[in-house]
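Worksheet: the structure to be examined is printed underneath.
The values are calculated or read from the model by the stated rules, or taken from the named source; none is laboratory data. Only a predicted model underlies this, so the values are computations on that prediction, with no experimental measurement involved. Neighbour counts run over all protein chains shown; Cβ positions are idealised from the backbone, glycine included. Note: areas computed on protein heavy atoms with side chains; ligands, DNA, RNA excluded. Shrake-Rupley method; radii C 1.70, N 1.55, O 1.52, S 1.80 Å.
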Amino acid sequence: MTEERPLLEARQVFRGFFGNPVLKGVDIALLPGRVHALLGENGAGKSTLINLLSGALQPDGGSILVDGKPVERFSPAAARGAGIAVVQQELSLTASLSIAENIGLGAFPRRFGLIDYRALHRGLSDVCDMVGLTEPLDMPVADLALGRRQMVEIAKALFRRPRVLILDEPTSSLSAHEAGILARLIETLRDRGTALLYISHRLNEVQALCSHVTVLKDG
Ligand SMILES: Nc1ncnc2c1ncn2[C@@H]1O[C@H](COP(=O)(O)OP(=O)(O)OP(=O)(O)O)[C@@H](O)[C@H]1O
Ligand SMILES: [Mg+2]
């Protein structure tokens, strides 16, 4: 299902913090049906690049392109609207809310202006099956171990049916079993035409899953 147009692209992006340059003219292009790895040592700027690709940060220079078109003033809302979902390195769930509420937060399906609970439950059970979440959906996230929270985080991203899915070190808190489920899931999404960006320090995972690699070194 691979076609040759990038869904999301950074061209010659620059970004620094307080005068320290972190990214110095970085290019990356994410295509449908591809798993692209982003590698580099701690502090190389991987998460910073993801923040630019998902509208959380603005570049100091260069451009972000969606469907081949440069975007002005990219924002997290604009990125969501363009079908870009990120599983952050630091988990972003609300501990006091349930699994279902966390997954659906901000993306409840609506019908005639009302929350469509039937669609919500159908969508939730689909994504929970995909990531192997068998816990009751009304369980507070606070009661889950770190690896299970990470799977909720991944389910939350999938619930938005992203065209582009960015995973920032998703396996660091997963068991070998959970990491295996995630690997199969990534292959399924790839085969359906999703563009994936995969950050990991585990080179065996990268070799098994990724067909393209970008390495960041000194920006
Ligand atoms: N919001 C910020 N304010 C100031 N400095 C920042 C900020 N975000 C990142 N940095 C700095 O930018 C550099 C790159 O950080 P970044 O988090 O992008 O690296 P990384 O490649 O994701 O590293 P890791 O593998 O540890 O996750 C680091 O020196 C970091 O301290
Ligand atoms: Mg990082």
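For the stretch 15-25, name all the residues that are within 13 Å of ligand 1 (Cβ to nearest atom) and not in a loop (DSSP other than H, G, I, E, B). Even if it seems obvious, please write down each step before you answer.
As a first pass, look at the stretch 15-25 and keep what is within 13 Å of ligand 1 (Cβ to nearest atom): 15-24.
Hits for the stretch 15-25 are Arg15, Gly16, Phe17, Asn20, Pro21, Val22, Leu23, Lys24.
Mind checking which residues of the stretch 131-148 are open to solvent by 80 Å² or more (accessible area, probe 1.4 Å) and either among the charged types (D, E, K, R) or without any contact (Cβ under 8 Å) to a residue 24 or more places away in the chain (or both)? Let's see the steps before the verdict.
Of the stretch 131-148, the ones open to solvent by 80 Å² or more (accessible area, probe 1.4 Å) are 134, 138, 143, 146.
Passing the criteria: Thr134, Asp138, Asp143.
Being within 26 Å of Gly16 (Cβ to Cβ) and surrounded by 12 or more Cβ atoms within 10 Å (Cβ to Cβ) is the filter here, so list the residues in the stretch 205-219 that pass it. Please lay out each step first, then the result.
To start, the set of residues in the stretch 205-219 that are within 26 Å of Gly16 (Cβ to Cβ) comprises 213-219.
Across the stretch 205-219, the qualifying residues are Val213, Thr214, Leu216, Gly219.
Looking only at helices (runs of 4 or more DSSP H) that fall completely inside the stretch 39-130, which ones have 1 or more residues that are touching a residue at least 24 places away in the same chain (Cβ under 8 Å), within 16 Å of ligand 2 (Cβ to nearest atom) and not hydrophobic (A, V, I, L, M, F, W, C)?
Details: elements: 46-53, 76-81, 99-104.
Ranges flagged: 46-53.
Suppose the filter is surrounded by fewer than 14 Cβ atoms within 10 Å (Cβ to Cβ), away from ligand 1 (no atom under 16 Å from the Cβ) and closer than 25 Å to Thr171 by Cβ; does Asp67 pass it?
On the way: surrounded by fewer than 14 Cβ atoms within 10 Å (Cβ to Cβ): yes; away from ligand 1 (no atom under 16 Å from the Cβ): yes; closer than 25 Å to Thr171 by Cβ: no.
In short, no.
For the stretch 177-204, which residues satisfy the criterion of being open to solvent by 10 Å² or more (accessible area, probe 1.4 Å), farther than 14 Å from Met151 by Cβ and away from ligand 2 (no atom under 16 Å from the Cβ)?
Glu187, Thr188, Leu189, Arg190, Asp191, Arg192, Gly193, Thr194, Leu203, Asn204
Quick check on Pro170: is it more than 16 Å from ligand 2 (Cβ to nearest atom) and either of a type in the set (D, E, K, R) or in a loop (DSSP other than H, G, I, E, B) (or both)?
Judged against the criteria, Pro170 is not a match.
Which members of the stretch 173-219 meet the condition of being of a type in the set (S, T, N, Q) and without any contact (Cβ under 8 Å) to a residue 24 or more places away in the chain?
Our first condition is that a residue be of a type in the set (S, T, N, Q); within the stretch 173-219, this holds for 173, 175, 188, 194, 200, 204, 207, 211, 214.
The answer is Asn204, Gln207.
Considering every residue within the stretch 26-42, establish whether at least one is within 16 Å of ligand 1 (Cβ to nearest atom), within 28 Å of Leu146 (Cβ to Cβ) and open to solvent by 70 Å² or more (accessible area, probe 1.4 Å). Can you show your working first?
If we filter the stretch 26-42 for residues that are within 16 Å of ligand 1 (Cβ to nearest atom), which is where we start, we get 26, 28, 36-42.
The next check asks that each one be within 28 Å of Leu146 (Cβ to Cβ); those that pass are 36-42.
Keeping just the survivors that are open to solvent by 70 Å² or more (accessible area, probe 1.4 Å) gives 41-42.
Yes, because at least one residue in the stretch 26-42 is within 16 Å of ligand 1 (Cβ to nearest atom), within 28 Å of Leu146 (Cβ to Cβ) and open to solvent by 70 Å² or more (accessible area, probe 1.4 Å).
Within the stretch 187-219, track down each residue that is in contact with a Gly (Cβ under 8 Å, 6 or more places away or on another chain) and assigned to a strand (DSSP E or B).
Across the stretch 187-219, the qualifying residues are Ala195, Val215.
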